[in-house]
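**Student:** I am attaching a structure below and will ask some questions about it afterwards.
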Amino acid sequence: MTYFILIPVVSFLLSLIFTPISKYFALKLNIIDKPTGLKKHSKPIPYLGGFAIFLASIPIVLTYLLINNIYSSDIIGILTSITIILILGLWDDIKMLNPYTKLIIQILATIVLITSGVYIKIIYFPFWLNITLTILWILGITNAINLIDIKDGLAGSITFIASMTFFFIALGNNYQFIIMLSGGLAGAILGFLIFNYPPAKIFMGDAGSEFIGFLLAIISIQISYTTINKIALISPILILGIPIYDTIFVIIIRLLNGQNPLHGSPDHIAIRLNKLGIPDKYVLWIMILVEIILCESAYIATTVNVYGAIFIYVFILMLALIFGVFLSKVKVK
């Protein structure tokens, strides 16, 4: 078990190596994000940070699997599907894809995952409902992480905290493959954040946000959360609460304004906090603090009885609704 604690450390060190290399090649190949439209950064910033995160995390997992001769249909399905998503993200970073093409490929990757035996398995639900929930969850989290990647350090910070939370929960389950995935991902994201913290020197791009989102969605449904109360399975919603909340918020706002929810607009929570006069660096730390509170609440909900868990979930839901109504009144244009 001590060996697994070192996984985030190793991937962190690898990320410190691969991120500058990725930045170098992004500049050489002109894979950069130019400040146009909704993008407000002052100068072009190289992409490929997501590729560095992939290189710093997944090869560690593959090495462990090969050394220990571990393989199964679910592991092959997970590795295949996340590779499809990484390639999709790289393609999108190089040649901007329309959202419908991205969605179709994401669905195909999800089907690969499901056919390998990786899907939500709530024993109280029929098979078709578990499959439907799996598709909605995987696609929802993948695109939710992509949506919050709008400010330096934001998506990376939130997903690092979520990854570490899943890592410590997975340690208690002793599912070694998921421990490797979550720990490797956490360390790789942290190494990337050294270069992505404001002002960012490199972006993770869609290759990073979609890969991380897809992988976190997989990790979240491969973990058993508690035997103390049956509703602890809601915990992943809290752990990934910020991207889920922001996605639902902007979809509702865009629909109310008669806009296509798949098309970007400056209506995210972080942007609205800016409009209240809060500087970017404080918005980032506010979001980090909220994410830590949500992850801690998710953990506590797994340790108390069903009534205690319900209280935690309802209390957070009420705060979210009040905060959402307040933010919806903030003018963003």
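The values are calculated or read from the model by the stated rules, or taken from the named source; none is laboratory data. This structure is a prediction, so every number in the text was calculated from the model and none was measured. Here the Cβ is made from the backbone with ideal geometry for all residues, glycine too, and neighbour counts use every protein chain on show.
**Student:** Is it the case that Thr159 is crowded, with 21+ Cβ neighbours inside 10 Å, more than 24 Å from Leu13 (Cβ to Cβ) and of a type in the set (S, T, N, Q)?
**Tutor:** no
**Student:** Would you please list the contacts, defined by Cβ atoms under 7 Å and residues six or more apart or on different chains, that run from a residue in segment 21-47 that is within 14 Å of Gly208 (Cα to Cα) and assigned by TED's automatic domain parsing to the domain that holds His268 to a residue that is modelled with pLDDT under 90 and of a type in the set (Lys, Arg)?
**Tutor:** That search, which allows pairs on different chains as well, returns nothing.
**Student:** Moving on to the next point. Among Asp92, Asp152, which is modelled with pLDDT under 95, in a loop (DSSP other than H, G, I, E, B), surrounded by 16 or more Cβ atoms within 10 Å (Cβ to Cβ) and under 18 Å from the mean Cα position of the chain (by Cα)? Break it down into steps so the answer makes sense when it comes.
**Tutor:** Working: Asp92 fails: in a loop (DSSP other than H, G, I, E, B).
Only one candidate qualifies: Asp152.
**Student:** Tell me yes or no: at least one residue of segment 267-276 is assigned to a helix (DSSP H, G or I), under 28 Å from Ala232 (Cβ atoms) and either touching a residue at least 24 places away in the same chain (Cβ under 8 Å) or within 18 Å of the chain's Cα centre (by Cα) (or both).
**Tutor:** Checking segment 267-276: at least one residue is assigned to a helix (DSSP H, G or I), under 28 Å from Ala232 (Cβ atoms) and either touching a residue at least 24 places away in the same chain (Cβ under 8 Å) or within 18 Å of the chain's Cα centre (by Cα) (or both).
**Student:** Applying the selection to segment 296-316, what residues are exposed (fewer than 12 other Cβ atoms within 10 Å of the Cβ) and under 22 Å from the mean Cα position of the chain (by Cα)?
**Tutor:** Those that are exposed (fewer than 12 other Cβ atoms within 10 Å of the Cβ) and under 22 Å from the mean Cα position of the chain (by Cα): none in segment 296-316.
**Student:** Here's something else I'd like to know. Among the residues that make up segment 283-295, is at least one of them in a loop (DSSP other than H, G, I, E, B), outside the structural domain of Ile169 (by TED's automatic domain parsing) and loosely packed, with under 15 Cβ neighbours inside 10 Å?
**Tutor:** Residues of segment 283-295 in a loop (DSSP other than H, G, I, E, B): none.
No, segment 283-295 contains no residue that is in a loop (DSSP other than H, G, I, E, B), outside the structural domain of Ile169 (by TED's automatic domain parsing) and loosely packed, with under 15 Cβ neighbours inside 10 Å.
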